[in-house]
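The values are calculated or read from the model by the stated rules, or taken from the named source; none is laboratory data. Small disclaimer: the values here were computed from a predicted structure and weren't measured. Reconstructed Cβ throughout: ideal geometry from the backbone, glycine too, with neighbour counts over all protein chains shown.
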Amino acid sequence: MNKLMLKYIIKTFGLLVLILILSSCSSTKPNKEKSVATIDNHAITNTFLSAKRALLKGNRSSAVDGFENCIKQNPNHDASYYELARIYEYQNPEKSKGYIIAAIEIDDKNTWYKEFLIRLYKDQKDYSAALEINKELIALHPDNKNYYYQRANLYIHNKDTKNASKTYDEILKRFGYEKGVLEQKKQIYLSKGEYKKAIIVIQQLIEHNPQEKEYYGMVAELYLNEGNTDEAMKYYQKILAIDPNDGYVHFALADYYVAKGLDEKSYEEIKLGMSSPSLNVDSKMKVLLHFKEVAEIDKKIEPLFEELLSIATSINSNEPKILALNADYNTSQDNAEEAIIYLKRILEIDSSRFVIWEQLLITENKLANTEALLNYSDRALKLFPQQASLYFYNGVANADKGNWKKVKQMAIVGDNFIYKSDEKSLLLALRAKAEMHLGEIDNGVANYKTAIKLDPENTDIQIDYAYYLALNKVNTSKAISISKSALELNSKNPRYVYIYAFCLYKDGQNIEANKWVKQAMEKYPDNKKFQLLDMEINKQ
């Protein structure tokens with residue numbers, strides 16, 4: 001006998017046993033009538049099983065026909081009503097409800113049917129009706145804890161917190177301590193603003209969970225909300241007895257001491273909180289940013305802020321937020337080289353942050369670190385090829401190296417990704433500068449003019465334009481006019497003074513140029529450019 005035949009025989013035998021059991025339980029009539037009933041039950045059972053198979057295959061229409069046929073043969077076939085209710089649960093909830101109610105009328109002790117009806121009522125937000133069915137379930141199974149939880153949840157959905165609370169009390173009385181019940185009672189009291197009752201419930205939780213810091217913290221916060229700081233501090237001290245390194249509690253104690261006018265004790269608590277390895281970075285950042293703002297107003301606080309930042313950095317050495325704050329602070333203190341160190345550390349941890357790449361390039365450019373500017377802009381472009389500022393900084397680095405064709409290429413490509421007029425002006429001016437060096441004077445002049453139109457307030461572009469007009473002797477009188485106007489707005493900038501003097505020299509106004517250079521050399525004695533221009537003017 002092969003395996004398939006054996007499997008078929010076992011399956012058929014099991015089905016026959018099931019049918020016989022159903023048949024034997026279906027009638028209490030005399031033997032003569034029983035044979036007819038048995039035949040009917042066999043037929044119904046076969047139809048029912050066929051409908052179930054159709055449903056499993058996804059053939060809903062055939063399944064519905066089969067279950068309805070069962071009901072025609074036996075109007076009291078509750079299982080078919082139940083299956084039809086399940087089929088129509090989402091498609092037609094009202095129809096589903098009719099079927100499941102019919103099933104319950106036939107078998108009012110079936111918990112599956114009642115639970116299904118409760119689900120339908122909940123979906124329709126008819127919580128009062130659901131509660132009535134829930135009461136029937138509890139009457140059938142008074143020791144089933146889940147039905148009491150269900151009742152409480154239904155009351156909560158029905159916005160009846162009073163009866164929900166009573167139900168939770170009944171659970172505690174009937175089944176003893178339940179953490180979930182006390183948690184729910186706590187939430188009810190908190191939502192109603194009944195803080196004293198909430199504290200009583202939380203204290204019960206503490207009795208059963210003496211090592212749970214969270215509960216002590218809740219009580220402390222509730223006392224703080226009521227203005228009872230002294231009582232709150234007692235609970236914070238209890239947390240420290242469990243965990244001396246709890247950073248959150250140290251910060252809370254710091255607030256407490258500040259309110260008492262004990263600043264030094266407050267600062268010590270803040271340092272302890274900042275030293276906590278388990279305290280989340282966002283909580284530390286909130287404190288650090290607060291002290292940074294205060295330090296900007298009150299310089300006496302600056303050493304404390306620096307100490308707190310140092311502690312946070314040593315504990316959270318790989319946290320980008322902490323490292324970024326270090327970079328930002330060093331930048332504000334004109335310590336660009338130190339800022340660069342932190343920016344690079346962030347990129348080692350997470351290279352996906354464009355804003356960090358951009359800040360690094362800005363800082364490298366400020367320090368005129370040409371090789372670093374070229375290296376990091378090349379790397380950043382591989383990650384963010386649609387960021388126009390990267391093309392600008394790459395162009396600036398190549399300009400410092402005299403790679404003017406590359407500068408022009410970067411400016412042209414970068415222009416495709418820029419829309420703001422002031423940013424577009426910078427790239428266009430960079431391109432014009434390259435064209436001047438490449439001997440494409442007409443293009444350079446045209447692009448400088450357009451750049452100035454796009455951003456007429458940018459005197460850096462104006463002074464550059466004047467320089468290249470004078471250098472190439474295109475229009476020295478215009479160069480003098482432009483550089484003079486720019487200098488009037490930037491009279492303390494040595495670069496502007498130099499270019500104005502250079503334009504005068506290129507226009508043949510050596511005496512006037514020499515006067516400006518001599519004044520500048522007195523003011524900027526170490527400036528090599530003025531020394532060279534002085535030699536050039538006076539070489540004859």
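Output the number of residues of the range 83-131 satisfying the condition of being part of a helix (DSSP H, G or I), more than 22 Å from ARG151 (Cβ to Cβ) and polar (S, T, N, Q). Explain how you work it out, then say what you get.
First pass over the range 83-131, keeping only residues part of a helix (DSSP H, G or I): 83-87, 93-106, 111-123, 127-131.
Keeping just the survivors that are more than 22 Å from ARG151 (Cβ to Cβ) gives 83-87, 93-96, 98-99, 102-103, 105-106.
Restricting the remaining residues to those that are polar (S, T, N, Q) gives 96.
Count: 1.
Test ILE461 against the stated conditions and say whether it is touching a Leu at 6+ places or on another chain (Cβ under 9 Å), within 18 Å of LEU426 (Cα to Cα) and either part of a helix (DSSP H, G or I) or not polar (S, T, N, Q) (or both).
Numbers: touching a Leu at 6+ places or on another chain (Cβ under 9 Å): yes; within 18 Å of LEU426 (Cα to Cα): yes; either part of a helix (DSSP H, G or I) or not polar (S, T, N, Q) (or both): yes.
In short, yes.
In the set GLU435, GLU371, which member is at pLDDT 95 or above, farther than 27 Å from ALA336 by Cβ and of a type in the set (Asp, Glu)? Before you say what the answer is, go through the steps one by one.
Values: GLU371 fails: farther than 27 Å from ALA336 by Cβ.
One residue alone meets the criteria, GLU435.
Could you grab me the full set of residues in the range 307-332 that are within 21 Å of the chain's Cα centre (by Cα) and either part of a helix (DSSP H, G or I) or among the aromatic types (Phe, Trp, Tyr) (or both)? Steps first, please.
Quick first cut of the range 307-332, residues within 21 Å of the chain's Cα centre (by Cα) only: 316, 318-325.
Hits for the range 307-332 are PRO320, LYS321, ILE322, LEU323, ALA324, LEU325.
Among the residues of the range 404-424, which ones are closer than 25 Å to LYS473 by Cβ, surrounded by 17 or more Cβ atoms within 10 Å (Cβ to Cβ) and not aliphatic (A, V, I, L, M)?
Within the range 404-424, the first condition is being closer than 25 Å to LYS473 by Cβ, and the residues that meet it are 404-405, 407-408, 411.
Filter once more, so that each one left must be surrounded by 17 or more Cβ atoms within 10 Å (Cβ to Cβ): 404, 407-408, 411.
Once the filter is applied, which keeps residues that are closer than 25 Å to LYS473 by Cβ, surrounded by 17 or more Cβ atoms within 10 Å (Cβ to Cβ) and not aliphatic (A, V, I, L, M), the range 404-424 yields TRP404, LYS408.
Listed here are the residues, each with its yes/no results for (1) farther than 30 Å from ASP123 by Cα; (2) surrounded by fewer than 18 Cβ atoms within 10 Å (Cβ to Cβ).
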| residue | (1), (2) |
| --- | --- |
| SER165 | no, no |
| ASP169 | no, yes |
| GLU183 | no, yes |
| LYS192 | no, yes |
| PRO210 | yes, yes |
| TYR215 | yes, no |
| ASN228 | yes, yes |
| GLY247 | yes, no |
| LEU262 | yes, yes |
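For the range 465-483, which residues satisfy the criterion of being surrounded by fewer than 24 Cβ atoms within 10 Å (Cβ to Cβ) and part of a helix (DSSP H, G or I)? Before you say what the answer is, go through the steps one by one.
Our first condition is that a residue be surrounded by fewer than 24 Cβ atoms within 10 Å (Cβ to Cβ); within the range 465-483, this holds for 467-468, 471-478, 480-481.
Correct list: TYR467, TYR468, LEU471, THR476, SER477, LYS478, ILE480, SER481.
Among the candidates SER317, SER266, SER275, single out the residue that is among the hydroxyl-bearing types (Ser, Thr, Tyr) and within 26 Å of THR363 (Cβ to Cβ).
Values: SER266 fails: within 26 Å of THR363 (Cβ to Cβ); SER275 fails: within 26 Å of THR363 (Cβ to Cβ).
So the residue among SER317, SER266, SER275 that is among the hydroxyl-bearing types (Ser, Thr, Tyr) and within 26 Å of THR363 (Cβ to Cβ) is SER317.
If you check LEU205 against the conditions, is it under 35 Å from the mean Cα position of the chain (by Cα), in contact (Cβ under 8 Å) with a residue 12 or more places away in the chain and assigned to a helix (DSSP H, G or I)? First the steps, then the outcome.
Working: under 35 Å from the mean Cα position of the chain (by Cα): yes; in contact (Cβ under 8 Å) with a residue 12 or more places away in the chain: yes; assigned to a helix (DSSP H, G or I): yes.
In short, yes.
For LEU20, state whether it is of a type in the set (A, V, I, L, M, F, W, C), over 58 Å from the mean Cα position of the chain (by Cα) and either more than 24 Å from GLU94 (Cβ to Cβ) or modelled with pLDDT of 95 or more (or both). It would help to see each step written out before you state the result.
Details: of a type in the set (A, V, I, L, M, F, W, C): yes; over 58 Å from the mean Cα position of the chain (by Cα): yes; either more than 24 Å from GLU94 (Cβ to Cβ) or modelled with pLDDT of 95 or more (or both): yes.
Yes, satisfied.
Report every pair of residues separated by at least 6 positions or lying on different chains whose Cβ atoms are under 7 Å apart, first residue within the range 121-133 and over 20 Å from GLU105 (Cα atoms), second in a loop (DSSP other than H, G, I, E, B).
TYR127/ASN158
Taking the range 439-458, which residues are under 16 Å from LEU427 (Cβ atoms) and not in a loop (DSSP other than H, G, I, E, B)?
ASN443, GLY444, ALA446, ASN447, TYR448, LYS449, THR450, ALA451, ILE452, LYS453, LEU454
Table: residues versus (1) in contact (Cβ under 8 Å) with a residue 12 or more places away in the chain; (2) among the small types (Gly, Ala, Ser).
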| residue | (1), (2) |
| --- | --- |
| LYS196 | no, no |
| GLU212 | no, no |
| GLY217 | yes, yes |
| LYS238 | yes, no |
| PRO244 | no, no |
| PHE251 | yes, no |
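Those residues that are among the β-branched types (Val, Ile, Thr) and under 10 Å from LEU222 (Cα atoms), I need them from the range 181-202; list them, please.
First, the residues of the range 181-202 that are among the β-branched types (Val, Ile, Thr): 181, 188, 199-202.
Listed by number, the list holds a single entry, ILE199.
Looking only at the range 230-242, which residues are buried (at least 16 other Cβ atoms within 10 Å of the Cβ) and of a type in the set (A, V, I, L, M, F, W, C)?
ALA232, MET233, ILE239, LEU240
Run down ALA466, ALA451 and say which single residue is free of Cβ contacts under 8 Å to residues at least 60 places away in the same chain, touching a Cys at 6+ places or on another chain (Cβ under 9 Å) and under 24 Å from GLU423 (Cβ atoms). Walk me through it before giving the result.
Values: ALA451 fails: touching a Cys at 6+ places or on another chain (Cβ under 9 Å).
That would be ALA466, the only listed residue that is free of Cβ contacts under 8 Å to residues at least 60 places away in the same chain, touching a Cys at 6+ places or on another chain (Cβ under 9 Å) and under 24 Å from GLU423 (Cβ atoms).
Condition first: touching a helix residue (DSSP H, G or I) at 6+ places or on another chain (Cβ under 6 Å) and surrounded by fewer than 16 Cβ atoms within 10 Å (Cβ to Cβ). Now tell me which residues in the range 511-540 satisfy that.
Matches in the range 511-540: GLU512, MET521, TYR524.
Kindly evaluate ASN398 against the criterion of being touching a residue at least 24 places away in the same chain (Cβ under 8 Å) and not in a loop (DSSP other than H, G, I, E, B). Show your work before the answer.
Values: touching a residue at least 24 places away in the same chain (Cβ under 8 Å): yes; not in a loop (DSSP other than H, G, I, E, B): yes.
Yes: the conditions hold for ASN398.
Of the conditions (1) touching a Lys or Arg at 6+ places or on another chain (Cβ under 7 Å); (2) of a type in the set (A, V, I, L, M); (3) not in a helix (DSSP H, G or I), LEU279 satisfies every one except a single condition; which number is it?
Here LEU279 clears every test but (1).
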